1. Residues that are among the hydrophobic types (A, V, I, L, M, F, W, C), under 22 Å from Met262 (Cα atoms) and out of contact with any Ser or Thr (no Cβ under 9 Å at 6 or more places or on another chain): does segment 305-316 have at least one?
2. Can you find a residue in segment 57-66 that is under 20 Å from Leu336 (Cα atoms) and either crowded, with 17+ Cβ neighbours inside 10 Å or away from the ligand (no atom under 11 Å from the Cβ) (or both)?
3. Residues that are touching a strand residue (DSSP E or B) at 6+ places or on another chain (Cβ under 6 Å), more than 21 Å from Ala179 (Cβ to Cβ) and within 14 Å of the ligand (Cβ to nearest atom): does segment 117-131 have at least one?
4. Of the residues in segment 230-272, how many are assigned to a strand (DSSP E or B), at pLDDT 95 or above and aliphatic (A, V, I, L, M)?
5. I'd like to know if segment 310-329 contains one or more residues that are more than 19 Å from the chain's Cα centre (by Cα) and touching a residue at least 12 places away in the same chain (Cβ under 8 Å).
6. Could you identify the single residue in Thr201, Thr222, Thr192 that is more than 21 Å from Thr125 (Cα to Cα), under 17 Å from the mean Cα position of the chain (by Cα) and not assigned by TED's automatic domain parsing to the domain that holds Ser132?
7. Residues that are under 20 Å from Leu186 (Cα atoms), surrounded by 21 or more Cβ atoms within 10 Å (Cβ to Cβ), among the hydrophobic types (A, V, I, L, M, F, W, C) and within 10 Å of the ligand (Cβ to nearest atom): does segment 82-99 have at least one?
8. When you scan segment 101-116, how many residues do you find that are away from the ligand (no atom under 13 Å from the Cβ) and surrounded by fewer than 21 Cβ atoms within 10 Å (Cβ to Cβ)?
Amino acid sequence: MTNNRRQFIKASVLGSAAVATGLPTLASAGEKRKKSTSLSILILGGTGFIGPHMVREALRRGHQVTLFNRGRTDNTLFPDLETIRGDRNNGLDGLKGRSWDAVIDNSGYVPRHVQDSARLLAPNTKRYLYISTVAVYADFDVDNTESSALASIADESIEDVNGETYGPLKALCEKRARAEVDDERLTVIRPTYIAGPGDHTDRFSYWPIRTRKGGEMVWPGTPEHTIQAIDVRDLANFSIDCLDSDIAGTFNAVNPARSYSMGELLADSQAVTGVRVDPVWISEEFAAEQDLISGRNFPIWRPKSGPRSRTSSFIGEAAVRAGLHNRPERETIRDLLTWWDTLDDDRRANLRAGMSPDQETEVIAAWRARDA
Ligand SMILES: NC(=O)c1ccc[n+]([C@@H]2O[C@H](COP(=O)([O-])OP(=O)(O)OC[C@H]3O[C@@H](n4cnc5c(N)ncnc54)[C@H](OP(=O)(O)O)[C@@H]3O)[C@@H](O)[C@H]2O)c1
């Protein structure tokens, strides 16, 4: 970073920003949301799943929002907002010469893209907020705080984002952002699985949607097995809080900071839907033997051993101290089901995660046959 840039930053209005991992200096979330200064906010990736929730929350607080995307995803969603068309892959021209109070980088998967946008926009913005992921961590068998070791990738020129490279590339994206934006003006949020209305992955949604159908239902592992997700609206609120209150630092964004289990997910899904299923809890060993362990079959659940294992949790206390408010899981379940019911028949007939009815029948038969 050049001296000029450092001087600019020192002279900026952000001298009082709360820096460092999860040590906010500001008031409670409720107070923060009352803040009345209207900000101009650029959202890179304001459509899709998380983006629209951020846009709506920002507008609700009286901020002005500009969107930047390619126009491939939900491009009729916000006809009244300024939208700059462009591809993060060498297509940032529309952003040149512009300035915003804050930038939310919600579509950074490739390190070069994050570097290019942060380099272009950092001199002309007071805050750069990068949406990362808990997949950045190196070790999923320890409880990860924000200062835990991050994954790395041997060849940093790789730009192919897949199940294997996603986490290490996001870690590298963070590194690139840190090289371009100084600490006082950078916020990095690392969400776990995101749940709620608009989720096009159906990962968390599968469990309540399937529960509502009733009957015998396959559940992996044990009811005590813990999981984490975060409501998309809580994530959006926290992101805009960080802009409103100049909160810098790095934050895991998870629910809960306390423990939530598959058994509670089942109980909450039943309570909200009013439907009781007959749960068939198959052991993790059996699931492995039958080659069932995948994010497709058992979304958001991770086994305790094997290639997809996760025995730990992500510690979310820093974000809670900074003002993240997690709503009850039943509210997430209720609202995602309400949203789900607005989708067309074809979409609802094709869940993108979870077992098909035929597969469930086969698995239950095999599980029962093992003792026969
Ligand atoms: N979903 C989760 O559970 C989850 C969990 C942890 C972290 N995250 C992180 O959250 C962020 C948002 O996730 P999401 O699920 O909301 O994503 P999404 O639904 O796929 O939305 C992506 C947005 O980015 C835009 N975009 C994508 N590629 C672009 C490009 N090359 N140039 C310009 N715009 C581009 C898309 O619009 P166009 O297609 O029109 O360009 C869209 O507005 C990501 O950074 C992801 O890593 C997600």
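The values are calculated or read from the model by the stated rules, or taken from the named source; none is laboratory data. Here the structure is a predicted model, which means the values were calculated and not measured. Glycine also receives a Cβ, built like all others from the backbone with ideal geometry; neighbour counts cover every protein chain displayed.
1. Applying the first criterion (among the hydrophobic types (A, V, I, L, M, F, W, C)) to segment 305-316 yields 314-315.
Within this subset, residues satisfying the condition of being under 22 Å from Met262 (Cα atoms) are 314-315.
Checking which are out of contact with any Ser or Thr (no Cβ under 9 Å at 6 or more places or on another chain) leaves us with none.
Looking for residues that are among the hydrophobic types (A, V, I, L, M, F, W, C), under 22 Å from Met262 (Cα atoms) and out of contact with any Ser or Thr (no Cβ under 9 Å at 6 or more places or on another chain), one finds none in segment 305-316, hence no.
2. Taking segment 57-66 first, the residues under 20 Å from Leu336 (Cα atoms) are 57.
Those left that are additionally either crowded, with 17+ Cβ neighbours inside 10 Å or away from the ligand (no atom under 11 Å from the Cβ) (or both): 57.
So far as segment 57-66 goes, yes, one or more of its residues are under 20 Å from Leu336 (Cα atoms) and either crowded, with 17+ Cβ neighbours inside 10 Å or away from the ligand (no atom under 11 Å from the Cβ) (or both).
3. no
4. Quick first cut of segment 230-272, residues assigned to a strand (DSSP E or B) only: 230-231, 247, 249-253, 255-261.
Going one step further and asking which of them are at pLDDT 95 or above, we end up with 230-231, 247, 249-253.
Adding the requirement that they be aliphatic (A, V, I, L, M) leaves 230, 247, 253.
Going through segment 230-272 one residue at a time, the tally reaches 3.
5. Of segment 310-329, the ones more than 19 Å from the chain's Cα centre (by Cα) are 311.
In the following step, the residues that additionally are touching a residue at least 12 places away in the same chain (Cβ under 8 Å) were identified as 311.
Yes: segment 310-329 contains one or more residues that are more than 19 Å from the chain's Cα centre (by Cα) and touching a residue at least 12 places away in the same chain (Cβ under 8 Å).
6. On the way: Thr222 fails: under 17 Å from the mean Cα position of the chain (by Cα); Thr192 fails: not assigned by TED's automatic domain parsing to the domain that holds Ser132.
Unique residue meeting the criteria: Thr201.
7. no
8. Of the residues in segment 101-116, 2 are away from the ligand (no atom under 13 Å from the Cβ) and surrounded by fewer than 21 Cβ atoms within 10 Å (Cβ to Cβ).
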